[in-house]
Structure formats: C-alpha cells, structure tokens
Amino acid sequence: MAAVALFDDLPPPPPMLDRAAIEQARLVRLARDHLATTEASVDYEGLARGRTSTVLAARQWVKRQRAKGDLFVVEHGTGTLIPAFQLDEAFDINPASGPVVARLVNAGMSSWAIWQWFSAHNPWIEARPVDVLGTPAIDQAVAGLLDAS
C-alpha cells in the first residue's frame with residue numbers, strides 16, 4: 001500500500017483577491033501610466049541639466065524641497081518623476097505651487113493623488129488646478145477638496 005500524505009497540519013492558503021480588486025489595481029496602473037505620459041515631468045537627470053548641476057546635487061535639492069513640503073515626486077517604472085508644474089522656468093520651486101503642494105501633503109494625500117488632482121478637471125472651479133495656480137481659484141479648489149474629505 002502506498003503512503004498517503006496528510007495535509008491536515010498545513011495552514012489554509014491565503015484567500016484569493018477577487019476580480020474587483022485585481023481590476024482596480026489594473027485601472028490604477030493604467031491611470032498612472034497615462035498621467036506619466038501625458039503631463040509634463042522631469043527626472044533627476046533632466047533636473048540636473050536644467051539646474052546646471054550634478055545629478056547628486058539635484059537629488060539633494062529635491063530632498064530639501066520635499067522635507068519642506070513644497071515638492072512631491074512619484075516613482076514610475078524604474079525612475080522618479082517630478083511633475084513640471086512645480087518648477088519655474090529656471091527649475092526652482094514654482095512659488096505658486098509650493099504652498100498648495102504643502103497643504104495637500106500635510107492633509108495626507110499621496111504623491112500620485114496630488115498629481116492626479118492638479119491635472120484633472122475640478123468641479124469647484126471649472127478648470128484644472130494646475131491651470132489656475134497663482135489665482136484665488138486655487139484656494140477655492142483646495143478648500144473644496146479638503147472640506148469634502
């Protein structure tokens with residue numbers, strides 16, 4: 001007679017994710033890919049060239065700006081992207097975006113959510129927040145977002 005393996009002492013397998021969770025993950029990835037390919041951004045190498053510095057210096061500058069809350073980055077693929085609306089023409093912090101980014105970061109929004117919010121049509125202002133930076137409408141948009149949550 002052949003030996004019969006007993007599996008009574010094995011833990012049960014973890015539950016499988018349902019189709020909805022898998023589809024949601026797929027859609028999030030598609031949305032992030034779309035955002036990263038349709039909205040202007042720069043990587044560390046481009047930032048270094050624009051600031052006429054080294055990549056190491058560019059990384060340190062980003063780290064300091066992120067610590068102040070004035071800048072966010074997103075990880076995409078194997079690299080890091082800095083959404084370009086946060087930078088002025090000399091690749092310094094856009095003074096209109098820094099305070100808004102800081103409010104959203106302090107509210108606990110993720111980097112991807114912040115970029116999506118800036119890039120999407122906003123019903124409180126009938127525009128994209130990125131297009132009204134530096135105007136009173138941006139405060140209205142932020143208030144609508146943070147008060148709604």
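Restricting segment 59-72 to residues that are touching a residue at least 12 places away in the same chain (Cβ under 8 Å) and among the aliphatic types (A, V, I, L, M), the residue that is surrounded by the fewest Cβ atoms within 10 Å (Cβ to Cβ) is VAL62.
For segment 58-73, the criterion of being under 22 Å from GLY134 (Cα atoms), more than 14 Å from the chain's Cα centre (by Cα), aromatic (Phe, Trp, Tyr) and at pLDDT 90 or above is met by none of the residues. Counting the residues of segment 74-96 that are of a type in the set (Phe, Trp, Tyr) and within 15 Å of VAL130 (Cβ to Cβ) gives 1. On the stretch given as segment 17-58, residues that are assigned to a helix (DSSP H, G or I) and either surrounded by fewer than 15 Cβ atoms within 10 Å (Cβ to Cβ) or free of Cβ contacts under 8 Å to residues at least 60 places away in the same chain (or both) total 29.
Every residue, every condition in (1) in contact (Cβ under 8 Å) with a residue 24 or more places away in the chain; (2) out of contact with any Phe, Trp or Tyr (no Cβ under 7 Å at 6 or more places or on another chain); (3) farther than 26 Å from ALA58 by Cα, yes or no:
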| position | (1), (2), (3) |
| --- | --- |
| VAL101 | yes, no, no |
| ALA107 | yes, yes, yes |
| ILE114 | yes, no, no |
| HIS121 | no, yes, yes |
| PRO129 | yes, no, yes |
| GLY144 | no, no, yes |
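The values are calculated or read from the model by the stated rules, or taken from the named source; none is laboratory data. Since this is a predicted model, take the numbers as computed values, not measurements. Cβ sites come from the backbone with ideal geometry, for glycine too, and all protein chains shown count toward neighbours.
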